[in-house]
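The values are calculated or read from the model by the stated rules, or taken from the named source; none is laboratory data. Note that the structure is predicted; figures quoted are calculated from it, not measured. Note that we place each Cβ from the backbone using ideal geometry, even for glycine, and neighbour counts take in every protein chain shown. Heads up: the accessible areas ignore ligands, DNA and RNA and are worked out on the full protein's heavy atoms, side chains in. Shrake-Rupley method; radii C 1.70, N 1.55, O 1.52, S 1.80 Å.
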Amino acid sequence: NLDSSANIDIVKKMVVAFEVMDSATYRSLYADSVKFHDNVNDMTLDQNVTVFNYFKSNGITVKVEKVDPIWEIVNKEASPNGVTNFVMSFQHTIYKKGDKEVKVIVSVVNGIKDGKIVEEWGLYDSKPFMDLMTQK
């Protein structure tokens, strides 16, 4: 396990790009064939990036309070897709719409290979987030 690495830096850059809705930087950190597993929803990079436009068009802003803890696991044997390096993080986020806001902790695992995120698993309580999105 590592507490600092180039792969951890990639995840930190991804978090900042998500927070400021910088889709170009965000895309550059992922492999074109990345697989996202967002709670129970599987999606592609294009599908994942549509969230940026959704947030913007619905007046939702994101603030990442902190990413803690964060660490990298380096396995001796590769997973079936060839990944040996996984960055684990807990991302403490605030989603805001108008005068309402919700705090959501997202548990994220990023499989990284050759300097790109090739697979991502995100797990979070979606109820507060969904309640916020449906507000007028």
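A few comments on the model shown:
- Unmet criterion (only one of (1) of a type in the set (A, V, I, L, M); (2) more than 21 Å from residue 2 (Cβ to Cβ); (3) without any contact (Cβ under 8 Å) to a residue 24 or more places away in the chain) for residue 78: (2)
- Being over 22 Å from residue 40 (Cβ atoms) and in contact (Cβ under 8 Å) with a residue 40 or more places away in the chain is a condition met by at least one residue of region 115-131.
- Some residue of region 37-48 being of a type in the set (S, T, N, Q), assigned to a strand (DSSP E or B) and modelled with pLDDT of 95 or more: no
- In the set (1) in a helix (DSSP H, G or I); (2) open to solvent by less than 20 Å² (accessible area, probe 1.4 Å), residue 127 fails one condition alone, (2).
- Annotation note: of 110, 39, the sole residue that is closer than 21 Å to residue 8 by Cβ and in contact (Cβ under 8 Å) with a residue 24 or more places away in the chain is 110.
- Region 67-82, subset under 20 Å from residue 122 (Cβ atoms) and in a strand (DSSP E or B), residue least open to solvent (accessible area, probe 1.4 Å): 72
- Among the residues of region 42-64, those that are within 25 Å of residue 136 (Cα to Cα), open to solvent by 60 Å² or more (accessible area, probe 1.4 Å) and not hydroxyl-bearing (Ser, Thr, Tyr) comprise 47, 53, 56, 63.
- Which listed residue is touching a strand residue (DSSP E or B) at 6+ places or on another chain (Cβ under 9 Å), loosely packed, with under 14 Cβ neighbours inside 10 Å, of a type in the set (Ser, Thr, Tyr) and in a strand (DSSP E or B), from 107, 89: 107
- All positions within region 17-45 that are more than 14 Å from the chain's Cα centre (by Cα) and of a type outside the set (Gly, Ala, Ser): 32, 40
- Count - residues of region 1-26 that are within 15 Å of residue 113 (Cα to Cα) and open to solvent by 60 Å² or more (accessible area, probe 1.4 Å): 2
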